[in-house]
Every structure is written in structure tokens, then in C-alpha cells.
Amino acid sequence: MANVSVITVFVLSGFNETVNHRSIIFFLSLLCYCTILLVNVSLIVIIILDNSLHEPMYILLCAFCMNGLYGTTGFYPKFLWDLLSPVHVISYSGCLVQALVLYSFVCSDLSILAVMAYDRYLAICRPLEYHSVMSKNRVTKLAFFSWLIPFCIIATNIYLTSRVKLCSLHIDKLFCVNWSIVQLACFPEETAINGIGANITIIIYVLHGLFIVWSYLYLIKTCISSLENRAKFMQTCVPHLTSLFTFIFTVLFDVIALRLASKNFPQMLLNFMLIEFLIIPPIMNPLIYGFKLTKIRNKISGVVYFQMNLRNKRKLLINHLKF
């Protein structure tokens, strides 16, 4: 029990394999994080400032991008700092907070995707009821609860983890994972309630996934018979499906990496597999929606055209003043 009281920090041993490539990884990570900030903030600002985009689908997209910023902020600043630091440690409380942010980010993504699926179901299958059911006020509340409920669920899991007595300070990853902390328990029998909490959380979000799959299968079945509905499906549902498949792909890779962590796999490969969900979706989602949704694409094109036109006018004015 004496060992328990001295654990105030964790050592992130996943960084051991990055020593020889630290500069390259830092540059690529910083570039990746800056890109995430740029594309997500740009889309959020466009949606907030343009009144014509204050519709349910775009409000949910705005929440989606905000959640991407929330999740990546829980990882990249600390990760970049660790790449520059000779010591890779994180405080006990900081580790719990990071696990809370990253897990709630993933669960919120799935919740928002579920609300998006419901929104498209109403828009295509029940268009007469759509505006009465999906009012701005209701959509805003749904977006808020899509973040709050996962946050509370994960906070409960993290609270259960905080009650576990630990006898080791080594986490063999680049960031804090709830179950990795639980595995450091002095008495494994004490973690039974953590397993129950984790299984309940998994069941809740598997049900989210099943609802999304059912919604889109129903939408596909409905849209096949109507040319107008097919066009609407291709325009508004394909980005959602792409985001869903991206989400599933990255989360599955993360699960596979966790399963393989104890086997003889290169640590660098495992590290990349573990952080894919913090690289691909936060970059891809804004780009997918930005290029696929006509209103946003037109808005972006208009901003780019305005900036180019303004630049050309400045050049002409400067040349005119010279003469």
C-alpha cells in the first residue's frame, strides 16, 4: 500500500520509440494540428456568420467540428510538448482529464452522427413534419446533449477509475487511456465495477451505431424508388456516410492496436494506429462537408473569389500609383 501514495505522475513509455525521429514527428504533428484548427475553425465561422446556414444540418455540422477541436486539443498540445521534452510524464489528475476528453470526444462524435442520421431520416422520409420536429431550438438542444451525455457517461467511468489503488506508473502509450490506467491496479478484483461500467458504455454506443445503420438502410430503401430522393440522398447523406465509415475505420484500428499492444508489433506502427482517430476524422470531416454540401462549397468559393479579387484590385492600385 505504501507504493500507492507515491504515484502522482505517470510515465508515457510509448514515446521511447520516437527519440530518433522526434524532429520529423514534431513537424508533421504540428502541421496536422494546424490543419485541423484551420479547416474546423473556418467551417464553424462560415456557419455561424452566414444566416442562410442556420439550418439543422449545418448546426449539427458546426457541433461536429467543435467536438473535433475539443478532442484534438486534449491530445496535440501535450503530445507536441512531450516530443520536445526529454521526460515524458503526465500528472495523475492530468491523465484522468486527458482520458475523459478523448473518450468523450469519440462518444460525442457517434452521438452527433446518430442525430445527423435522424435529421436526414426526417428530411427525406417525413419532409412535411421536418421543420416542426427539427426546429433550431430543438436541434441546438440535441447538439448540446450529444456532447453533455457522453461527457457524463465517461466522467462516471473516470470517477470509478480514480477510486482504484494503483501500483505502477508506466503507461505504454502516447496518451492516457482509461483501461490502461485500470490495468495498473494493485488489486485486480477491485476493477470489476470498472469492467461493468465499460461494458455498459460499449452497449450504449453499439446501440447508437445500430440506430445509424438502420436509419441509412431505411433511407437507401426509401430513396431507390424516387429520383428526387436519390438526388437528395447523394447530396446530403453521402458526407454523413463518409464520416461514419471514417469513424468506424479509425476506431477499429484503435481497438486492433490495443489488442496487439502486448504482442511483438513495432511500437511506431502501434502508436500510429492508436492516434489515427485524432488525425483522420478531424481533418477529413470538414473537408468532406466543405466540398460536398453545395451551400458551404459556394460560400467558400465566394470567400476565395472575394480575396483574389481584392488582391488584384490592390495590385492594380499599386501599379497605378507607381505611374
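Using a cut-off of 14 Å between beta-carbons, work out the net charge of the residues near Arg230 (Lys and Arg +1, Asp and Glu -1, Arg230 not included).
Values: positive: Arg120, Lys221, Lys232; negative: Glu228.
Summing Lys and Arg as +1 and Asp and Glu as -1 gives +2.
Given H placed 1.01 Å from N in the peptide plane, which residues other than close sequence neighbours of Val9 have an amide H under 5 Å from its amide H?
Tyr92
First compute the accessible area of the stretch 112-204 with a 1.4 Å probe, then give the percent of it belonging to carbon and sulfur atoms.
On the stretch 112-204, the fraction of accessible area on carbon and sulfur atoms equals 67 percent.
Ratio of alpha-carbon Rg to the 2.2 N^0.38 Å globular estimate for the stretch 172-250, to two decimals, please.
Details: Rg = 19.6 Å, N = 79, 2.2 N^0.38 = 11.6 Å.
Taking N as the residue count of the stretch 172-250, the ratio is 1.69.
So what's the gap between the Cα centers of the stretch 144-160 and the stretch 34-88, to the nearest angstrom?
20
Using only alpha carbons, build the gyration tensor for the stretch 1-132 and give me the equivalent ellipsoid semi-axes, biggest first, whole Å. Present the calculation step by step, with values, prior to reporting the outcome.
Working: eigenvalues 304, 76, 24 Å².
Each semi-axis is the square root of five times an eigenvalue, giving 39, 20, 11 Å.
Mind checking the log10 I(q)/I(0) for the stretch 46-109 at q = 0.13, 0.25, 0.26, 0.29 Å⁻¹? Debye, one equal scatterer per Cα, no solvent, two decimals.
The Cα Debye sum returns log10 ratios of -0.49, -1.01, -1.05, -1.16.
The values are calculated or read from the model by the stated rules, or taken from the named source; none is laboratory data. None of the values given here were measured: they were computed from a predicted structure. As a convention, Cβ positions derive from the backbone with ideal geometry for all residues, glycine included, and neighbour counts pool all protein chains shown. Areas reflect the complete protein model, heavy atoms only, side chains present, ligands, DNA and RNA absent. Shrake-Rupley method; radii C 1.70, N 1.55, O 1.52, S 1.80 Å.
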